[in-house]
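The following block contains the structure, expressed as structure tokens.
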Amino acid sequence: MFKKLLATLLLASSFNVFAAPQIGQDFDKTAQPIATENPSKIEVNEIFWYGCIHCYHMDPVLETWAKKLPADVTFKRTPGLPNPSWAPMAKAFYTLEELKLFSKLHMPLFDAVHKQKNLNPTDEKAIIDWITRQAGVDKAKVEEHFKSFSMNNKLNRAAKTFKDSGATGVPSLVIDGQYITSSTMTGGNQQALAVADYIIANIRADKAKVAAPAKK
């Protein structure tokens, strides 16, 4: 596996076109297989944290890439949760999703932390106040989401995803619950996306082989 479609996928990248991305260097297998939401699709899952400056820089590049993904590939985000101090921003992510505010406040939340520098990503009370002000919703409603039972379940799943992925930092890209890559592993954001494209193409090719009728 991972020896096909090299010239097409890596021609525009900074990789040497004569050498494929190397497992154990540019990407790796996840520590444990991670179930995807739709087995009929190839899933790309970004593990990120709003408090991470590298995630902030990755986001616009990733957004542009994700918008051009083919129909057989889905993209999602999971908040990184390697320790309890990251939980407030994980709660913020899920709250924005629940309140249908993600598209409106995702980037402003990043900006508040890294551009305006007026929001502590580990201060839950400040984050609740920020969402309340920006969204113009009742503070009690935001607090309700932060403290809900369903939120605890989501945080547990996020923590498990982080552990099972084998990620050592963020942002990391988990492809189809089987492989992980990152800008740290590859040397840059565009390089990480080129490796993701490479893995996607090979997973697609393998699925096509499995789906094809056996030759008699």
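Suppose we filter the stretch 41-50 for residues that are out of contact with any Lys or Arg (no Cβ under 9 Å at 6 or more places or on another chain) and over 21 Å from P121 (Cβ atoms); how many remain? Can you show your working first?
Keep residues of the stretch 41-50 that are out of contact with any Lys or Arg (no Cβ under 9 Å at 6 or more places or on another chain), which gives 41, 49-50.
When the remaining residues are screened for being over 21 Å from P121 (Cβ atoms), the result is 41.
The qualifying residues number 1.
Out of K154, K117, K163, which single residue is charged (D, E, K, R) and part of a loop (DSSP other than H, G, I, E, B)? Show your work before the answer.
Working: K154 fails: part of a loop (DSSP other than H, G, I, E, B); K163 fails: part of a loop (DSSP other than H, G, I, E, B).
Exactly one of K154, K117, K163 is charged (D, E, K, R) and part of a loop (DSSP other than H, G, I, E, B), namely K117.
In addition: Does L96 meet the test of being under 18 Å from the mean Cα position of the chain (by Cα) and closer than 15 Å to Y56 by Cβ? Let's see the steps before the verdict.
Numbers: under 18 Å from the mean Cα position of the chain (by Cα): yes; closer than 15 Å to Y56 by Cβ: no.
Spelling it out, it is not the case that L96 is under 18 Å from the mean Cα position of the chain (by Cα) and closer than 15 Å to Y56 by Cβ.
How about the stretch 76-127: which of its residues are touching a strand residue (DSSP E or B) at 6+ places or on another chain (Cβ under 6 Å) and of a type in the set (V, I, T)? Quick ask: steps written out before the conclusion?
Filtering the stretch 76-127 for residues touching a strand residue (DSSP E or B) at 6+ places or on another chain (Cβ under 6 Å) gives 76-78, 80, 90, 93.
Across the stretch 76-127, the qualifying residue is only T78.
Residues that are free of Cβ contacts under 8 Å to residues at least 12 places away in the same chain, part of a helix (DSSP H, G or I) and over 17 Å from W86 (Cα atoms): does the stretch 99-110 have at least one?
yes
Restricting attention to the stretch 168-194, which residues are within 13 Å of the chain's Cα centre (by Cα) and part of a helix (DSSP H, G or I)?
Going residue by residue through the stretch 168-194, those that are within 13 Å of the chain's Cα centre (by Cα) are 169-177, 179-183, 189, 192-193.
The answer is S183, N189, A192, L193.
Next question. I need a count of the residues in the stretch 35-90 that are over 22 Å from D111 (Cα atoms) and of a type in the set (S, T, Y).
3
Yes or no: the stretch 141-148 includes at least one residue that is in contact (Cβ under 8 Å) with a residue 60 or more places away in the chain, out of contact with any Asp or Glu (no Cβ under 9 Å at 6 or more places or on another chain) and of a type in the set (D, E).
No: zero hits.
Continuing with this model, one more query. Kindly indicate which of T78, T36 is assigned to a strand (DSSP E or B) and surrounded by 15 or more Cβ atoms within 10 Å (Cβ to Cβ). Walk me through it before giving the result.
Details: T36 fails: assigned to a strand (DSSP E or B).
Residue meeting the stated conditions: T78.
Yes/no per residue for (1) closer than 17 Å to V170 by Cα; (2) at pLDDT 95 or above; (3) not charged (D, E, K, R):
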| residue | (1), (2), (3) |
| --- | --- |
| C55 | yes, yes, yes |
| L62 | yes, yes, yes |
| L69 | no, yes, yes |
| K76 | yes, yes, no |
| Y94 | no, yes, yes |
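For the stretch 120-132, which residues satisfy the criterion of being in a loop (DSSP other than H, G, I, E, B) and surrounded by fewer than 17 Cβ atoms within 10 Å (Cβ to Cβ)?
Matches in the stretch 120-132: N120, T122, D123.
Residues being among the charged types (D, E, K, R) and modelled with pLDDT under 95: count how many of those fall in the stretch 171-216. Talk me through it step by step, then tell me what you get.
Restricting attention to the stretch 171-216, the residues satisfying the condition of being among the charged types (D, E, K, R) are 176, 197, 204, 206-207, 209, 215-216.
Those still in the list that are modelled with pLDDT under 95 too: 206-207, 209, 215-216.
Residues meeting the conditions: 5.
K141: in a helix (DSSP H, G or I), surrounded by fewer than 16 Cβ atoms within 10 Å (Cβ to Cβ) and of a type outside the set (S, T, N, Q), yes or no? Can you show your working first?
Working: in a helix (DSSP H, G or I): yes; surrounded by fewer than 16 Cβ atoms within 10 Å (Cβ to Cβ): yes; of a type outside the set (S, T, N, Q): yes.
In short, yes.
Only one residue in S172, S182 is without any contact (Cβ under 8 Å) to a residue 24 or more places away in the chain, buried (at least 21 other Cβ atoms within 10 Å of the Cβ) and touching a Gly at 6+ places or on another chain (Cβ under 9 Å). Which one? Spell out how you get there, then give the answer.
On the way: S172 fails: without any contact (Cβ under 8 Å) to a residue 24 or more places away in the chain.
None of the others qualify; the one that does is S182.
The values are calculated or read from the model by the stated rules, or taken from the named source; none is laboratory data. Please read these numbers as outputs of a predicted model, since none were measured by experiment. Cβ: placed from backbone, ideal geometry, glycine included. Neighbour counts: every protein chain shown.
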